[in-house]
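Have a look at the structure below, then the notes.
The values are calculated or read from the model by the stated rules, or taken from the named source; none is laboratory data. Values in this document were obtained by computation on a predicted structure and should not be read as measured data. We place every Cβ from the backbone using ideal geometry, glycine too, and count neighbours over all the protein chains shown.
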Amino acid sequence: MVKNISAFLVIKNEENNIVRCLESIKEVVGEIIVVPDMKCKDKTIEIIKKYTKKIFIENKERDNPEYLKVKYFNKHKNEKIFKYEYILSIDADEELSDELKQEIKNLELTKYDCYYIKRINIGQKIREGKYYLRLFNINKIKLFGFYHSDFEPSINAKIYYLKRLLYHHTYNKNFVDWAFLEAKGIRKKYFNFYNYSLSEKLKKRIYLYFKANLILRKLYRIYLYKKYTSKYGYNVSKKRLEYYDKLTQYLKSIK
């Protein structure tokens with residue numbers, strides 16, 4: 001049963017992944033919206049056209065999918081980009097498991113505002129997976145449009161954790177220098193906000209300034225080093241090794 005859900009993807013050169021992703025969601029969602037970060041250099045756009053006509057190609061390269069998500073969430077307030085209030089945010093290298101598809105189909109969707117989904121990398125043990133907010137009412141979330149930032153539920157949002165898995169295919173060996181992209185993003189202000197209060201925005205901007213200022217970061221690290229060496233009286237690396245020895249012993253002791 002197709003649900004009243006708009007699937008939303010920000011993509012770039014994903015011809016090796018996109019078919020698997022779209023095949024996994026097409027029987028679950030009512031529409032698919034795709035935002036390519038400028039024109040793709042491979043056959044991604046040709047493939048996407050077989051699944052949806054709602055394709056918004058950016059004319060300026062951002063290299064920051066979170067920034068583009070915020071941009072289109074804000075555009076939705078005036079232009080109604082999404083047909084439905086509930087959004088499934090998914091990446092091109094992800095795939096709904098068959099069990100997760102069935103679980104979503106059986107949902108009484110409006111009972112909750114935010115649904116967390118457990119994602120595992122292919123080959124990873126299930127217990128090592130992490131929950132992400134990927135299915136939500138667009139009016140009940142916050143998003144800081146900066147690299148690798150996650151969606152956050154708004155105050156008083158009703159939250160539920162789904163039991164089935166989202167698969168993440170990580171075999172793509174293309175190296176991405178995220179540290180460089182983040183530095184570039186701070187310098188060019190490639191960040192944005194959705195549903196954040198003024199005080200929350202101020203805190204985020206202070207954090208970014210601190211992160212961008214190498215002198216402040218270095219002074220802070222020197223301060224921490226002196227603080228902990230004086231407190232414990234011996235080398236910090238030795239302290240770290242002792243911690244991991246104790247952790248390893250604890251993990252061996254539990255079944």
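Table for the structure above
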{"item": "Qualifying residue in the stretch 139-162 (condition: in contact (Cβ under 8 Å) with a residue 60 or more places away in the chain, assigned by TED's automatic domain parsing to the domain that holds K101 and hydroxyl-bearing (S, T, Y))", "result": "yes"}
{"item": "Residues within the stretch 63-92 that are touching a strand residue (DSSP E or B) at 6+ places or on another chain (Cβ under 9 Å), of a type in the set (K, R) and either surrounded by fewer than 21 Cβ atoms within 10 Å (Cβ to Cβ) or at positive phi (or both), tallied", "result": "2"}
{"item": "Set V2, V10: member being of a type in the set (V, I, T) and in contact with a Gly (Cβ under 6 Å, 6 or more places away or on another chain)", "result": "V2"}
{"item": "Single residue of the stretch 93-106 satisfying the filter (at pLDDT 95 or above and buried (at least 18 other Cβ atoms within 10 Å of the Cβ)) that is nearest to P36 (Cα to Cα)", "result": "E94"}
{"item": "Residue within the stretch 20-32 that is buried (at least 19 other Cβ atoms within 10 Å of the Cβ) and among the small types (G, A, S) present", "result": "yes"}
{"item": "Any chance L216 is in contact (Cβ under 8 Å) with a residue 40 or more places away in the chain, in a helix (DSSP H, G or I) and either under 20 Å from I25 (Cβ atoms) or aliphatic (A, V, I, L, M) (or both)", "result": "no"}
{"item": "Count of the stretch 143-171 residues which are outside any loop (DSSP other than H, G, I, E, B), of a type in the set (D, E, K, R) and either touching a helix residue (DSSP H, G or I) at 6+ places or on another chain (Cβ under 8 Å) or within 21 Å of S24 (Cβ to Cβ) (or both)", "result": "2"}
{"item": "Residue in the stretch 39-55 that is under 19 Å from K105 (Cβ atoms) and surrounded by 14 or more Cβ atoms within 10 Å (Cβ to Cβ) present", "result": "yes"}
{"item": "The stretch 201-252: number of residues that are more than 33 Å from the chain's Cα centre (by Cα), of a type outside the set (D, E) and at pLDDT 70 or above", "result": "3"}
{"item": "Single match in E103, E108 (criterion: out of contact with any helix residue (DSSP H, G or I) (no Cβ under 6 Å at 6 or more places or on another chain), touching a residue at least 24 places away in the same chain (Cβ under 8 Å) and farther than 30 Å from K188 by Cα)", "result": "E103"}
{"item": "First in the stretch 17-36 and within 25 Å of R62 (Cα to Cα), second anywhere and of a type in the set (V, I, T) and not in a helix (DSSP H, G or I), Cβ under 6 Å, 6 or more apart", "result": "I32/T52; V34/I55; V35/V10; P36/I11; P36/I57"}
{"item": "Filtered residues of the stretch 19-46 (kept if modelled with pLDDT of 95 or more and among the β-branched types (V, I, T))", "result": "V19, I25, V28, V29, I32, I33, V34, V35"}
{"item": "Residues (surrounded by 12 or more Cβ atoms within 10 Å (Cβ to Cβ) and part of a loop (DSSP other than H, G, I, E, B)) located in the stretch 116-129", "result": "Q124, G129"}
